[in-house]
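A.B. asks: Starting off with a structure, shown below.
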Amino acid sequence: MMKNFQWKALLPHIIAIAVFIVVALIYCKPALEGKVLQQNDVTQWKGMAQNSFQYAEKHGTFPLWTNGMFSGMPAYQIAGGNTNPIAIYNIQKILMLDLPKPAYFFFLSCLMFYFLSQVLKVNSYISIIGGLAYAYSTYNPIIIGAGHDTKMIAIAFMPAMIASLILIYEKKYWWGAALTGISTALFIGANHLQITYYTLIIVFFLTIGYMIHWIKQKDFKVLFTATSIALGSALLGVLVNLVLLATTFEYSKATIRNGSALTNGKNFTKTGLSKDYAFSYSMYKTEPLVLMFPYMYGGSSSNLEVDQDKSKAIESLQQMPQQLAQQVESNLRFYWGGIDGVGTSGPPYAGAVICFLALLGFVLLDGKHKWWILTTITLTTIMSWGGYFDGFNSLLLKYLPMYNKFRAPSMIMVVPALLLCMMAVLTIQKLQSTVQTENLWHKYKKGLILVAGFFVLALLIYISSDFTSQNDRELLKNVSVIPDAQQKAAIELPIKSFINGLKEDRQGLFIGSFLRSLFFIVITGAFIWLFIKKKLSKTVLLVTIGVVSFADIIYIDNKYLNADNYQDENDNEGAFKASPTDAIILRDTSYYRVFNVSQGISGAFNGDARTSYFHKSIGGYHPAKLSIYQDLMEKQLYNFPRCMPVINMLNTKYIIQGNIATDTIANPRALGACWFVQGIKYTNSAESTMDALTNFNPKDTAVVEEKYKSGIHTSIDTTAKISLIKNDNDLVEYHSTGKSDGYAVFSEIYYNAGWKVYIDGKESDIIPTNYVLRGVEIPAGDHNINFIFKPASYYKNIKIAIIASAIIWLLLAGALVQTFKRHREDKA
């Protein structure tokens, strides 16, 4: 068999892999020099995960609960080890070829899109063009720079998921089943459920497209067989991740994503995110055109998109009085699109050449793929409008299952980015494989008219826009309400000059982007015309399209991910060097928590995971907090220092406000790990429970909702004592003594999906107390009290995940055997 093997057939694939590696390493050259990316989200993750890693060093396994932040939360949402000895996840490590970060992100994305192109039977060299275009579409470098690693891995595996299903639908059942199981396992294993959700939209319309084809052909056997195999093999991939999915689903029911008992109408409802919060990061209706015109809406909220010496806005700032300029400087934002209220790091630019080719494809290609692709792009574009197309998207938010668990509609642009690349490679394949060029020329002219229509639309937007942002309008509004007429007159003119300068800069960016895209498209269009007229070879055409399309994208990428994003590894780790404040607090070896407000109250709960690296913090950083803790933050902790009863009940022994000598406070009223109360105040709702925390003495009184009253029978015993023996994350031990039954409050967060309490080995009830804490009725006498965190969602699903992994490996073995047999039969 080895003698008959066509080794030359491997050459294009070897070349593709080599190109992907070389390009990734050149683009990520600083990584080869020992430098690392400065990724804020990764820095935050290190702080979040440190408590878990410390536990793992001691015990050899990761804990399921962390004490590091938000006074405690499930640790499997942050860091955890692999519990599956035959996991599919090892394939991901192989596919990354041990390349340095972030090169492996780009290589993996290239490789997976190359796989999709091969399944679509696209020429290998065209597939290289598509792989590079998909991997380096500008959204990817932007999110890598920000540290959205899990999102990037999920995006990388999107094409593999689609390709594997197409194999099944094209009747390659063995390989399709095996690879669908593998790709689904790896894709879901990336653990970015929002990207997973969006990919299911692609899968839905892809499947509908094939089903329409089968029904037209009256091929109901294939319809039943293919869909059954697709569902079965995808289910196996899901089951491989059952531990992850089950624990995440279980946890999500207790988080802000599932709503809040205290509905303030701002960010959360009782069942999920509020409309306004879910639709934050919505795009203007014309803004998705940045896929084709990158700076149409100014690019980024933070980057200086215009050279400093050419910017009219900066010139205006320089002419202002220094004090006023310092106040206005934060308003220097060139981005003016729909996301201005929250900001954006850059445009999801897919490339002018890629968009051009994709648009041609909607004219040149047959209906096998283009109609379901067009439908998917249209729907996801409308979904990206979010609140700017309120009627339709509000219906989706209300009726589309699970859709109200996500925010940032603009993220859905990853779907058009993938499908445009897919259309582009199919278009090139059509061009270079068409023999009858006369009909091709006729369709090509129609395609050019379609492309011209988009340029006309862009010009109309340019003419009709005022180039002001929400931020600009708010700035002008603030100036207009200044009561002092003299002060207002002194400020109003320079402010208006500044905003006019911004408008000029944005106009320049828009028209520059327009002309830039026109330039790349004209070059590509001219070479296609020469090819159709048989004045150009296929090789020259492919090389030209490949070079021009990649040059188009990589130039924009360099604006958002370049050598400036890297730093020496030692400098990067400097964020986790203990400060003098940390060092002094760490001398205290007792069990306590820390509240770091040195960066403001908002920073303590939305951007300070660093404190969790050194201490057990009541603050932290995580996108899906427990809803009860979010409520406590918003209703109590944000009012610091007028929330000391709550601070005390959370066992907050140290409050970091700045300099250790003058501003860091050792809080003598911190109540410790546990205590007996002398009385219980009963309330009739979550709202009244929260209100009761505003002015109460947590040392003497516990606040409990009325519905738990029947389970509490206590009497006052002033001599009763309870103390912490050890807190080992998943196992917490206490000892109590008392002459009569008492009610003990524990400064640990209530979470009923896994925590159980045992008094002398006998299970008892944990009662939600003081809105967020645990309360337990303790009988008279001496007792050992053990809290154990053992969520059934974690332990019950490990065996199922292992079995699913084994079946996928068997499917892969079956596919190899079947291929071997078929090869032997062909040679017989």
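A.B. asks: Could you tell me how far the Cα centroid of region 16-46 sits from the Cα centroid of region 611-659, in Å?
C.D. replies: Measuring centre to centre over Cα atoms gives 36 Å.
A.B. asks: Using DSSP to define loop residues, name the trypsin sites (Lys or Arg not before Pro) in region 1-107 whose beta-carbon has at most 14 other beta-carbon atoms within 10 Å.
C.D. replies: Values: sites: Lys3, Lys8, Lys35, Lys46, Lys58, Lys93; in loops: Lys3.
Answer by residue number: Lys3.
A.B. asks: Next up: So what is the orientation-averaged projected area of region 319-455, using the convex hull of its C-alpha atoms, in nm²?
C.D. replies: Details: hull surface 50.1 nm².
Computing the convex hull of the Cα atoms and averaging its projections yields 12.5 nm².
A.B. asks: Here's another thing I want to ask about it. With N residues in region 588-746, what two-decimal value do you get for its Cα radius of gyration over 2.2 N^0.38 Å? Could you put the intermediate results ahead of the total?
C.D. replies: Numbers: Rg = 16.6 Å, N = 159, 2.2 N^0.38 = 15.1 Å.
Cα-based Rg divided by the globular estimate yields 1.10.
A.B. asks: Given axes a ≥ b ≥ c from the Cα gyration tensor, I'd like to know whether region 121-239 is rounded (a/c under 1.5), prolate (a/b larger than b/c) or oblate. Mind dumping the intermediate values first?
C.D. replies: Details: a/c = 2.23, a/b = 1.61, b/c = 1.38.
Cα axes put region 121-239 in the prolate bin.
A.B. asks: Next up: If N is the number of residues in region 195-343, what value comes out of its Cα radius of gyration divided by 2.2 N^0.38 Å? Walk me through the intermediate numbers first.
C.D. replies: Values: Rg = 24.5 Å, N = 149, 2.2 N^0.38 = 14.7 Å.
Dividing the Cα Rg of region 195-343 by 2.2 N^0.38 Å gives 1.66.
A.B. asks: Using the Kirkwood radius over Cα pairs, work out the Stokes-Einstein diffusion coefficient for the chain at 37 °C and 0.692 mPa s, in µm²/s as a whole number.
C.D. replies: Details: Rh = 29.8 Å.
Translational D for this selection: 110 µm²/s.
A.B. asks: So which of Lys253/Lys699; Lys151/Lys635; Lys739/Lys762 end up more than 28 Å apart by C-alpha? List each step's numbers first, then the result.
C.D. replies: Working: Lys253/Lys699 31 Å; Lys151/Lys635 32 Å; Lys739/Lys762 20 Å.
Exceeds cut-off: Lys253/Lys699; Lys151/Lys635.
A.B. asks: Sorted by accessible area with a 1.4 angstrom probe, largest first, how do Glu705, Glu287 fall? Before the final figure, lay out the partial values.
C.D. replies: Values: Glu705 40, Glu287 5 Å².
In descending accessible area the options line up as Glu705, Glu287.
A.B. asks: With respect to the cross-link table entries Lys121/Lys535; Lys8/Lys121; Lys405/Lys756; Lys29/Lys121, which display a Cα-Cα separation exceeding 23 Å?
C.D. replies: Details: Lys121/Lys535 26 Å; Lys8/Lys121 18 Å; Lys405/Lys756 28 Å; Lys29/Lys121 33 Å.
Over 23 Å Cα-Cα: Lys121/Lys535; Lys405/Lys756; Lys29/Lys121.
A.B. asks: Relative contact order of the chain, please, whole-number percent, based on alpha carbon pairs below 8 angstrom and at least 6 residues apart. Don't jump to the answer; show the numbers that get you there.
C.D. replies: On the way: 1411 pairs, mean separation 136.5, N = 828.
16 percent.
A.B. asks: Of the listed peptides 670-679, 638-647, what is their order by residue-averaged count of other C-beta atoms within 10 Å, with the highest listed first? Could the numbers behind the result be given before it?
C.D. replies: Numbers: 670-679: 19.3, 638-647: 16.8.
Result, highest mean first: 670-679, 638-647.
A.B. asks: OK, next. Once the dipole of the chain is set up with Lys and Arg at +1 and Asp and Glu at -1 on Cβ about the Cα centre, which of Thr701, Leu231, Gly508 lies farthest towards its positive end?
C.D. replies: In the chain, that residue is Leu231.
A.B. asks: Which of the peptides 710-719, 339-348 is most tightly packed, and how do the rest follow, judged by the mean count of other Cβ atoms within 10 Å per residue? Write out the running numbers ahead of the final one.
C.D. replies: Details: 710-719: 12.5, 339-348: 20.9.
Ranked from most to least packed, the peptides come out as 339-348, 710-719.
A.B. asks: While we're looking at this one, here's another question. Which of rounded, prolate or oblate describes region 485-592 when judged by the alpha-carbon gyration tensor and an a/c cut-off of 1.5? Intermediate results must be reported in sequence, preceding the final value.
C.D. replies: On the way: a/c = 5.90, a/b = 1.50, b/c = 3.93.
It comes out oblate by the Cα gyration axes.
A.B. asks: Which of the peptides 251-257, 170-176, 184-190, 765-771 is most tightly packed, and how do the rest follow, going by the mean number of other Cβ atoms within 10 Å of each residue? Write out the running numbers ahead of the final one.
C.D. replies: Details: 251-257: 19.9, 170-176: 17.9, 184-190: 25.3, 765-771: 21.9.
Put in order of decreasing packing, that is 184-190, 765-771, 251-257, 170-176.
A.B. asks: Tell me whether region 664-776 comes out rounded, prolate or oblate; compute the Cα gyration tensor, take square roots of the eigenvalues as a ≥ b ≥ c, and use a/c under 1.5 as the rounded threshold. List each step's numbers first, then the result.
C.D. replies: On the way: a/c = 1.26, a/b = 1.13, b/c = 1.12.
Rounded.
A.B. asks: To continue, here is another question. Between the helical axis of 470-480 and the dominant principal axis of the chain, each derived from Cα atoms, what acute angle in degrees is found, rounded to the nearest 10?
C.D. replies: 60
A.B. asks: Charges on Cβ only, +1 for Lys and Arg, -1 for Asp and Glu, centred on the Cα centroid of the chain; of Met69, Ile532, Ile800, which one is farthest towards the dipole's positive end?
C.D. replies: Ile532
A.B. asks: Region 94-108 to region 704-778: how many Å between their Cα centroids?
C.D. replies: Value for the Cα centre distance between the two parts: 49 Å.
A.B. asks: Also, quick follow-up: Could you give the accessible area per residue of the chain, probe 1.4 Å, as a whole number in Å²? Present the calculation step by step, with values, prior to reporting the outcome.
C.D. replies: Numbers: 36310 Å² over 828 residues.
Spelled out: the 1.4 Å probe surface of the chain, per residue, equals 44 Å².
A.B. asks: Here's another thing I want to ask about it. Which value, in debye to the nearest 20, describes the size of the charge dipole of region 1-130 about its Cα centre when Lys and Arg Cβ atoms bear +1, Asp and Glu Cβ atoms bear -1, and nothing else is charged?
C.D. replies: Values: 9 positive and 4 negative charges, 72 e Å.
Its charge dipole is roughly 340 debye.
A.B. asks: Helix-only estimate, please: 222 nm mean residue ellipticity of the chain, summing -39500 (n - 2.57) across DSSP H runs of length 4 or more and dividing by its residues, to the nearest 500. Present the calculation step by step, with values, prior to reporting the outcome.
C.D. replies: Working: 32 runs with 447 residues, N = 828.
It comes out at -17500 deg cm²/dmol, rounded to the nearest 500.
A.B. asks: Give, rounded to the nearest 20 debye, the magnitude of the charge dipole that region 384-540 has about its Cα centre when Lys and Arg contribute +1 at Cβ and Asp and Glu contribute -1 at Cβ. Provide the component values of the computation, followed by the final result.
C.D. replies: Numbers: 18 positive and 9 negative charges, 188 e Å.
Taking the Cα centre of region 384-540 as origin, the dipole is about 900 debye.
A.B. asks: Give me the percent of DSSP beta bridges within the chain that run antiparallel, rounded to the nearest 5.
C.D. replies: Details: 44 of 54 bridges.
Beta bridges within the chain, antiparallel portion: roughly 80 percent.
A.B. asks: For Ala624, what is the net charge nearby, where nearby means another residue's Cβ is under 15 Å from its Cβ and Lys, Arg count +1, Asp, Glu -1?
C.D. replies: Its environment carries a net charge of +3.
A.B. asks: Right, next: Tell me the accessible surface of Phe820 in square angstrom (1.4 angstrom probe, heavy atoms of protein chains only), to the nearest ten.
C.D. replies: Ignoring ligands and nucleic acids, Phe820 comes out at about 90 Å².
A.B. asks: If you don't mind, there's one more thing I want to ask. In whole percent, and with a 1.4 Å probe on the protein chains, what portion of the accessible area of region 59-218 is carbon and sulfur?
C.D. replies: 64
A.B. asks: So which aspartates and glutamates can Lys368 reach, going by Cα to Cα under 18 Å and dropping same-chain residues fewer than 8 places off?
C.D. replies: Filter leaves Glu170, Asp219.
A.B. asks: Rounded to the nearest 10 degrees, what's the angle between the helix 242-252 long axis and the longest principal axis of the chain, both from Cα atoms, 0 to 90?
C.D. replies: Taking Cα atoms only, the helix is inclined about 60 degrees.
A.B. asks: I've got another one for you. How tilted is helix 193-216 with respect to the longest principal axis of the chain? Cα atoms for both, answer in degrees (0 to 90, nearest 10).
C.D. replies: Around 40 degrees separate the two axes.
A.B. asks: Among the lysines, select those whose C-alpha is under 25 Å from the C-alpha of Lys577, and discard any that sit fewer than 8 residues away in the same chain.
C.D. replies: Output for Lys577: Lys35, Lys46, Lys58, Lys101, Lys616, Lys653.
A.B. asks: Cut-off under 20 Å on the C-alpha distance; same-chain residues fewer than 8 positions from Lys496 excluded. Which lysines are left, in chain and number order?
C.D. replies: By straight Cα distance, Lys496 reaches Lys310, Lys312, Lys477, Lys488.
A.B. asks: For region 272-343 and region 131-162, what is the centre-to-centre distance using only Cα atoms, to the nearest Å?
C.D. replies: 24
A.B. asks: Of the options Ala16, Ala87, Asn51, report the single residue whose Cα projects farthest towards the positive end of the charge dipole of region 1-112 (beta-carbon charges: Lys, Arg +1; Asp, Glu -1).
C.D. replies: Ala16
A.B. asks: If you place +1 on the Cβ of every Lys and Arg, -1 on the Cβ of every Asp and Glu, and leave all else neutral, what size is the dipole of the chain about its Cα centre, to the nearest 20 Debye? Mind showing how you got there, number by number?
C.D. replies: Details: 72 positive and 57 negative charges, 622 e Å.
With only Lys, Arg, Asp and Glu charged at Cβ, the dipole is about 2980 debye.
The values are calculated or read from the model by the stated rules, or taken from the named source; none is laboratory data. Here the structure is a predicted model, which means the values were calculated and not measured. Note that we place each Cβ from the backbone using ideal geometry, even for glycine, and neighbour counts take in every protein chain shown. Please note that ligands, DNA and RNA were not included when accessible areas were found on the heavy atoms of the full protein model with its side chains. Shrake-Rupley method; radii C 1.70, N 1.55, O 1.52, S 1.80 Å.
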